[in-house]
Amino acid sequence: MAIAAALVLVRPDRESADVRSLVTHARKTARHAGVPLAKTFRAQRGTVAGEWFAGPVQFLEPNDAQDLYRRMHRSRVLVLSFTRIYVRRDPSRQPVVRRAALELGEFVDHKAEFALIRTPAELAAALEQFCCRRRVKTDPPLPVEF
């Protein structure tokens, strides 16, 4: 028996032609691999207090982070991001301080697979890895003989 698989895309607030091309390629490649697109989120620009970040950064909105978290508990999810995205640990805090900014990959760790995609080769590798791990056996383990 297989667990339902889904693709989630997290796009930056502004994107180059190269990123738009990668997003289109991701949708087509996932569809061809039998992984349906569940949701596309659009990050928003924000700032972080202190010297840690050199300029504006991309944040997943709190409601979107909550939606993503729920999806990760309902199905097997591959999260693809096309730039570095952060999640606020404390959405009420403005501006965000360094300790309150969690990278998207850390946010989804242990619940979903994550890949930061910058090239078509990285996209192909992420989808291949996800599809190879997609089938999950529900049979009990075989007894071990000593």
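FYI, it's all coordinate maths here, none of it is from the lab. Please read all numbers here as calculations on a predicted model, not as lab measurements. For neighbour counting, all protein chains shown are included, and Cβ atoms are generated from backbone atoms with ideal geometry for every residue, glycine included.
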Tell me, in nm to one decimal, what length is gained between Arg45 and Asp90 on full extension, where the rule is 0.36 nm per residue of separation less the Cα-Cα distance? 14.6 nm
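Size of the dipole of the stretch 53-118 about the Cα centre, Lys and Arg at +1 and Asp and Glu at -1 on the beta carbon, nothing else charged, in debye to 20?
Working: 12 positive and 8 negative charges, 16 e Å.
With Lys and Arg at +1 and Asp and Glu at -1, about 80 debye.
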What spacing in nm lies between the two simple spin-label points modelled at Ala121 and Glu106, each 7 Å away from Cα in the Cβ direction? 2.9
Quick check: residue separation of Ser16 and Arg70 times 0.36 nm, minus the Cα distance between them. What number comes out in nm? 16.5 nm
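Among rounded, prolate and oblate, which fits the stretch 12-132 when a ≥ b ≥ c are the square roots of the eigenvalues of its C-alpha gyration tensor, a/c under 1.5 means rounded, and a/b larger than b/c means prolate? Display every interim value, and only then the final one.
Values: a/c = 2.20, a/b = 1.53, b/c = 1.43.
Note, shape of the stretch 12-132 comes out prolate.
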Which of the peptides 22-31, 5-14 is most tightly packed, and how do the rest follow, judged by the mean count of other Cβ atoms within 10 Å per residue? 5-14, 22-31
So, with +1 on the Cβ of K and R and -1 on the Cβ of D and E, and no other charges, what is the size of the charge dipole of the stretch 12-132 about its Cα centre, to the nearest 20 debye? 340
